Amino acid sequence: MSAAGWDDERRQLLTAGAGDLAGVALANVVREYPRCEFHWQIEGEHIPTPRRLHPSFYGSLDWHSCVEMFWVLVRLLRCHPDLVPGAEIRRTLNEHLTAPALAAEAALFTPATVTDPSDGLIAHLHGLNLHRAWCWQRLALAVPADDDRIVAMLSATRGHTHAPLLQSTDSVYGVEHFLAYYALRLLS
């Protein structure tokens, strides 16, 4: 098959499936349970419900999946508005992605600290930080340029970006072998 043939097939698949993809994303961003969270817990400490902990991104199985489902909604609405339920998507975006809710999300997700940058296992937190930065950046790029939520989104993006970028090149193999992917994904 040629590249042009694949492009045609890909477009046909997207046209046929865009509505279903939007339906999955719409269902998942509001599905609070089941939920997979990882928390360090100190004895007797109460862990809030997903909705209290993540006012915007409480749905899906985990936080990253919820952010990705919002990206699916925004991408479909932006690139294929005639194939998806636009009014329902806009309503969901406006209900969940408010400036106060996004500021609370950004405050919660401070960058993960890498205590030993030469340890490839611990350094995977750099990849997590770059992935979080990419998620916030994608959301900021998806809303209108004058949207007041962009400040919180880009603040979170910048906070998760710089330390990992320093490790993505000229580092030990156990670290840099995967960080170049996340760095390029964020920066391109």
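For the structure I just gave you, tell me whether LEU179 is aliphatic (A, V, I, L, M), more than 29 Å from PRO55 (Cβ to Cβ), part of a helix (DSSP H, G or I) and touching a Gly at 6+ places or on another chain (Cβ under 9 Å).
Yes, satisfied.
Which pairs have Cβ atoms under 7 Å, sit 6 or more apart or on different chains, and link a residue in the range 107-124 that is modelled with pLDDT under 80 to one that is polar (S, T, N, Q) and surrounded by 13 or more Cβ atoms within 10 Å (Cβ to Cβ)?
PRO117/GLN167; PRO117/SER171; ALA123/GLN167
Any chance the range 100-116 includes a residue that's touching a helix residue (DSSP H, G or I) at 6+ places or on another chain (Cβ under 6 Å) and farther than 30 Å from ALA180 by Cα?
No, because not a single residue in the range 100-116 is touching a helix residue (DSSP H, G or I) at 6+ places or on another chain (Cβ under 6 Å) and farther than 30 Å from ALA180 by Cα.
When you scan the range 99-129, how many residues do you find that are farther than 16 Å from SER155 by Cβ and either hydrophobic (A, V, I, L, M, F, W, C) or part of a loop (DSSP other than H, G, I, E, B) (or both)?
14
Quick one: PRO34 ticks every box in (1) under 30 Å from LEU165 (Cβ atoms); (2) of a type outside the set (Lys, Arg); (3) not in a helix (DSSP H, G or I) except a single one, so which number is it?
That leaves (1) as the condition not met.
Among the residues of the range 150-158, are any under 16 Å from ALA107 (Cα atoms), at pLDDT 85 or above and touching a Ser or Thr at 6+ places or on another chain (Cβ under 8 Å)?
No, because not a single residue in the range 150-158 is under 16 Å from ALA107 (Cα atoms), at pLDDT 85 or above and touching a Ser or Thr at 6+ places or on another chain (Cβ under 8 Å).
Let me confirm something: among LEU76, LEU165, LEU139, which residue is in a helix (DSSP H, G or I), surrounded by fewer than 19 Cβ atoms within 10 Å (Cβ to Cβ) and touching a residue at least 12 places away in the same chain (Cβ under 8 Å)?
None of the others qualify; the one that does is LEU165.
When only residues in the range 1-49 that are of a type in the set (S, T, N, Q) and surrounded by fewer than 17 Cβ atoms within 10 Å (Cβ to Cβ) count, which is farthest from PRO100 (Cα to Cα)?
Step by step, filter the range 1-49, then rank; the result is SER2.
Condition check: assigned to a loop (DSSP other than H, G, I, E, B), within 22 Å of CYS135 (Cβ to Cβ) and touching a helix residue (DSSP H, G or I) at 6+ places or on another chain (Cβ under 6 Å). Does PHE57 satisfy that?
It is true that PHE57 is assigned to a loop (DSSP other than H, G, I, E, B), within 22 Å of CYS135 (Cβ to Cβ) and touching a helix residue (DSSP H, G or I) at 6+ places or on another chain (Cβ under 6 Å).
Among the residues of the range 50-62, write down those that are in contact (Cβ under 8 Å) with a residue 40 or more places away in the chain and buried (at least 23 other Cβ atoms within 10 Å of the Cβ).
If the condition is that a residue be in contact (Cβ under 8 Å) with a residue 40 or more places away in the chain and buried (at least 23 other Cβ atoms within 10 Å of the Cβ), then HIS54, SER56, PHE57 are the ones that fit.
With respect to ARG52, is the statement that it is over 20 Å from ARG138 (Cβ atoms) and part of a loop (DSSP other than H, G, I, E, B) true?
For ARG52, the condition - over 20 Å from ARG138 (Cβ atoms) and part of a loop (DSSP other than H, G, I, E, B) - is not met.
The values are calculated or read from the model by the stated rules, or taken from the named source; none is laboratory data. For clarity, every value in this text was computed on a predicted model and none was experimentally measured. Ideal geometry is used to build each Cβ from the backbone, glycine not excepted, and the neighbour counts take in all protein chains shown.
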